[in-house]
C-alpha cells in the first residue's frame with residue numbers, strides 16, 4: 001500500500017469531506033509499514049474495504065414544533081465495519097452534522113471499539129437538528145420521528161446506538177421508547193439508557209473517568225503524579241464535567257472549562273462548590289458558561305477556547321473536532337503543558353499533533369483516551385443480554401482495567417527507539433490489526 005495514493009483516490013471519490021479524509025490520513029500514514037509487512041492484506045485490497053463504510057442510510061426527518069409548524073432535518077446512520085461485533089456508535093444532534101463528520105466519527109469508532117477488547121464494530125449517526133432552545137416536547141417529537149425512519153436498521157445484534165453531542169439521557173430515552181414501540185421488543189438496542197430501564201451505572205461519567213485513567217497511565221511512564229497539576233479542560237458537557245470531577249478527587253487543579261460561546265479561566269483551580277454549580281448550570285438549567293463567570297467573577301474569553309490563554313500542565317480537550325490548531329499547540333507548550341489527553345473525537349488538527357510530538361510531550365489521541373464511554377456502553381450491552389445490573393464499583397473496576405489494557409497496547413505498538421511513546425501510532429496499529437485479522441478470516445464481504 002502507498003498511503004498517499006490511497007488518500008488521493010479517496011479525495012477524488014469523496015470530495016468535500018475534509019473531516020473524513022483527515023481521519024483516514026492520520027490512520028493510514030501511521031500503519032503503512034505494518035500493513036505492507038502483510039502482503040495478504042494488499043492481495044485482498046483490505047485497506048480500501050476498511051476505509052469505505054459498509055453502508056450509509058440518509059433520510060428526511062419531519063417533525064412539528066410547539067406552534068404546529070412543520071420542520072425538516074436530515075438524518076443519517078453510517079454503519080462502518082462489523083468485523084468484530086455489531087455496529088456500535090453514538091448519535092449526534094447538532095447543526096454542524098453532515099456526512100463527512102459522521103463518516104470520520106464512524107471510521108474512528110471502528111478502531112476505538114477494537115481497542116476496548118469488547119466485541120463491537122464501528123458506526124455513527126445523527127442529524128443537523130439542534131436540541132438547544134427546543135422544549136422537551138419538541139425534542140421528543142423529533143427523536144420519535146428520527147427513530148421511525150431508522151428503527152429497521154438497528155437492533156441488539158445488528159447496530160446499537162448511544163448518545164453523543166446533543167444526545168444525552170433525555171434523547172436516548174425518547175429514542176429507545178419509540179424503538180420499543182416500533183420493534184415491539186425490549187432489548188439492549190440503545191446504550192446510555194436510564195438506570196431504571198436497562199442503563200448502566202457510571203455510564204454518564206465513563207468517558208471523563210476513562211480519560212483520566214488513561215492520563216494516569218501516561219504520567220506513570222514518566223514517574224509523574226496528577227496531584228497538584230493544573231489541568232485545562234474544554235467543554236462543559238458530561239465528558240468535561242466528569243473529567244473535572246475525577247481530577248478534583250485526585251488532587252488536581254481544574255483551571256478552565258468552556259462551551260461554544262466562550263471559556264472561563266480560574267488560575268487557582270475550581271472548588272468542588274464551583275464544579276457543582278457548573279453541573280447544575282449545564283445539566284439542569286441548560287445555561288451557558290458565561291453565567292459561571294458572572295457568578296464567580298472570573299476571567300471569561302468570549303467566543304474562544306482556553307488554549308491560547310491558560311497556563312497549564314495538562315490539556316484535556318473535551319468539546320469537538322479540530323478545536324486545537326498548530327498555534328494553540330505551540331501556545332500550550334510555551335505555557336508549560338507536558339501532556340494532552342483527548343476527551344473529544346479528533347480535537348487536535350494534524351499540525352497540532354505534529355507540534356505535540358515534536359516537543360516530545362505526552363499526547364493521547366481520542367480513539368485511545370476517550371474510549372471509556374463506549375467501553376461502558378459495551379458493559380451495558382453485556383448487562384442487558386444477561387438481564388443483570390452491576391454495581392458502580394464493579395463497572396468502574398472493569399473500566400479501569402479496560403483503560404489500562406488500551407494503554408498497554410499503545411505502549412506495545414507505539415514505543416520508538418529512543419523510548420518515546422507515540423500513542424497515535426500505537427493506538428492505530430493495535431486497533432487496525434485486530435479488525436484486519438477479523439476481516440481476513442471472514443473473507444471478502
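Tabulated values for the structure
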quantity: Value of D in µm² per second that Stokes-Einstein yields for the range 200-290, Kirkwood Rh from Cα pairs, at 20 °C (1.002 mPa s); calculated: 160
quantity: Part-to-part distance (alpha-carbon centres) for the range 332-354 and the range 186-211, which is given in Å; calculated: 28
quantity: Most fluctuating residue given options 37, 342, 417, as computed from a GNM of the chain linking Cα atoms under 10 Å; calculated: 417
quantity: Net length gained if the chain between residue 32 and residue 397 were fully extended (0.36 nm per residue, minus Cα distance); calculated: 127.9 nm
quantity: Gap separating the Cα centres of the range 1-41 and the range 408-443, nearest whole Å; calculated: 16
quantity: Cα gyration tensor, the range 246-312 - rounded (a/c under 1.5), prolate or oblate; calculated: oblate
quantity: Inter-label distance for residue 5 and residue 195, nm, one decimal - labels placed 7 Å from Cα along Cα-to-Cβ; calculated: 5.6
quantity: Bridge type composition, the chain - antiparallel percent by DSSP, nearest 5; calculated: 60
quantity: Residue order, fewest to most surrounding Cβ atoms within 10 angstrom, among 381, 440; calculated: 440, 381
quantity: Sequence of 349, 158 once ranked by neighbouring C-beta atoms within 10 Å, starting from the fewest; calculated: 158, 349
quantity: Chain lengthening between residue 56 and residue 437 when straightened (0.36 nm per residue, less Cα-Cα); calculated: 134.8 nm
quantity: Cα gyration tensor shape of the range 359-445, rounded if a/c is under 1.5, else prolate or oblate by comparing a/b with b/c; calculated: oblate
quantity: Global form of the range 179-231, assessed from the alpha-carbon gyration tensor, a/c cut-off 1.5; calculated: prolate
quantity: Relative contact order of the chain, defined on C-alpha pairs under 8 angstrom at six or more residues apart (%); calculated: 15
quantity: Among 92, 330, 55: highest mean-square fluctuation, GNM of the chain, C-alpha pairs under 10 Å; calculated: 55
quantity: Highest-MSF residue in the chain out of 186, 93, 356 [GNM, Cα springs under 10 Å]; calculated: 186
quantity: The chain: calculated mean residue ellipticity at 222 nm from DSSP helix runs of at least 4, using -39500 (n - 2.57); calculated: -15000 deg cm²/dmol
quantity: Over the range 211-351 - Rg/Rh using Cα atoms and the Kirkwood inverse-distance radius; calculated: 0.93
quantity: Descending semi-axes in whole angstrom, ellipsoid equivalent of the range 33-179, from the Cα gyration tensor; calculated: 33, 14, 12
quantity: Distance histogram in 10 Å bins (all Cα pairs of the range 1-101, percent per bin); calculated: 12, 36, 30, 13, 6, 2, 0
quantity: Relative contact order [Cα under 8 Å, 6+ residues apart], the range 312-386, whole percent; calculated: 31
quantity: Cut-off 12 Å, label 7 Å out along Cα→Cβ of residue 285, residues of the range 134-154 by amide N; calculated: none
quantity: Linear extension gain, residue 221 paired with residue 415, 0.36 nm per residue minus alpha-carbon span; calculated: 68.7 nm
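Each value in this text was obtained by applying a stated rule to the coordinates, not by laboratory testing. Everything numeric here is computed off the predicted structure, so don't read it as measured data. For neighbour counting, all protein chains shown are included, and Cβ atoms are generated from backbone atoms with ideal geometry for every residue, glycine included.
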